[in-house]
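The structure appears below as structure tokens.
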Amino acid sequence: MPNFPPLDRSVQWKISTGAIRFAEAGYRETVEAILSAGLATEVVGLISAGKEADVYLARLHGAPIVVKAYRLYRTSRRGGGSIKVDNMAWRAAFEFEMLHRAWRGGAAVPTPAKRVENLLAMRYLGGSEGPAPRLADLKPLRPRELLEEILAATRALLLAGVVHGDLSAYNVLIHEDRPWFIDLSDSVRVDRLGSSAWQRLQVARQTLARDLASLRSYFARFGSDFDAAPIVDSWMQELVERRELTRARRRPPTPGGTPAGTRVLP
């Protein structure tokens, strides 16, 4: 098995008892897994199939939800055909954590509901006529206005502690006349930087620059180009300043109420 962080106890049990599957689950098996996990009371059907996960429309006591089922195997991003085994339960757990972090921070992402192993349930973005359209499937009537809305939403996502990591016109849905981000499995967390803060910030900066370059490429087709470099600089500076302010608020008071940084002894 891959060397990943600790697996769910249910996955560990399946490995130790030999009950784990090494054949990709079919539609019926996935539906049964969704229902038995208690994520939904009814599965309506498949919405989309991707290289690493399938997305199902389901209902929980009549309310529409989406269940993302990560595959046991996924295709190499480089193409060419090699298939590698991956710990999809871990990837589902990571995306659930990033969704929850972004949602709590007020970012435009589907509300995460529950995760069981490689299955992730979240809010359904769409209506009775079908799921919300992807940005890639639309021709914006006011591209500049939409670009500004997506940039504002991207900044909000960053300040919530998450850099998307795979931002493209295929991972932005337009629902209720506003953009929403989906597919956060490749995101970078920046609300907690750990002991190597500078290194993590550099990764975040590079990832954000790549995300904005993808947006720029899409909107340039509609005559709405922009310079990403100063935006990245400004947003990263704002992120660092907010982090420093938060750290200052969390510091314990010094003896006698002396301001932090002031020498107490000669």
Number of the condition not met by A152 [criteria: (1) at pLDDT 95 or above; (2) over 29 Å from A220 (Cβ atoms)]: (2)
Residue that is surrounded by the most Cβ atoms within 10 Å (Cβ to Cβ) [pool: residues in segment 98-124 that are of a type in the set (G, A, S) and assigned to a strand (DSSP E or B)]: A121
Looking only at residues that are out of contact with any strand residue (DSSP E or B) (no Cβ under 7 Å at 6 or more places or on another chain) and in a loop (DSSP other than H, G, I, E, B) in segment 185-219, which one is surrounded by the fewest Cβ atoms within 10 Å (Cβ to Cβ)? S195
List the pairs whose first member sits in segment 93-113 and is closer than 21 Å to E149 by Cβ and touching a residue at least 40 places away in the same chain (Cβ under 8 Å), whose second member is surrounded by fewer than 23 Cβ atoms within 10 Å (Cβ to Cβ) and of a type in the set (D, E, K, R), and whose Cβ atoms are under 7 Å apart, counting only residues at least 6 apart or on separate chains? A108/R178; P110/R123
Just one of (1) farther than 18 Å from A107 by Cα; (2) at pLDDT below 95 trips up D227, so point out which. (2)
Selection count, segment 1-47, where residues are in contact with a helix residue (DSSP H, G or I) (Cβ under 7 Å, 6 or more places away or on another chain), among the β-branched types (V, I, T) and modelled with pLDDT of 95 or more: 1
Taking segment 226-240 and keeping residues over 17 Å from L157 (Cβ atoms) and not aliphatic (A, V, I, L, M) leaves F226, D227, P230, D233
Quick check: is even one residue across segment 242-251 closer than 15 Å to L159 by Cβ, of a type in the set (S, T, N, Q) and either modelled with pLDDT of 95 or more or surrounded by 13 or more Cβ atoms within 10 Å (Cβ to Cβ) (or both)? no
Which members of segment 141-164 meet the condition of being in contact with a Ser or Thr (Cβ under 9 Å, 6 or more places away or on another chain) and crowded, with 20+ Cβ neighbours inside 10 Å? L146, L147, L157, V162, V163, H164
Can you run down the residue pairs with Cβ atoms below 9 Å, 6 or more apart or on separate chains, where the first is in segment 133-158 and on the phi > 0 side of the Ramachandran plot and the partner is crowded, with 16+ Cβ neighbours inside 10 Å? none
Among the residues of segment 162-173, is there at least one that is over 20 Å from K51 (Cα atoms) and in a strand (DSSP E or B)? yes
Show the residue pairs that are 6+ apart or on different chains and have beta-carbon atoms under 8 Å apart, the first residue being within segment 226-239 and assigned by TED's automatic domain parsing to the domain that holds R144, the second being of a type in the set (G, A, S). A228/A209; A228/A213; A229/A209; V232/A209; M236/A204; L239/A204
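The values are calculated or read from the model by the stated rules, or taken from the named source; none is laboratory data. Computed from a prediction, not measured in an experiment: that's the story for all the values here. Every residue, glycine among them, receives a Cβ derived from its backbone with ideal geometry; neighbour counts consider all protein chains shown.
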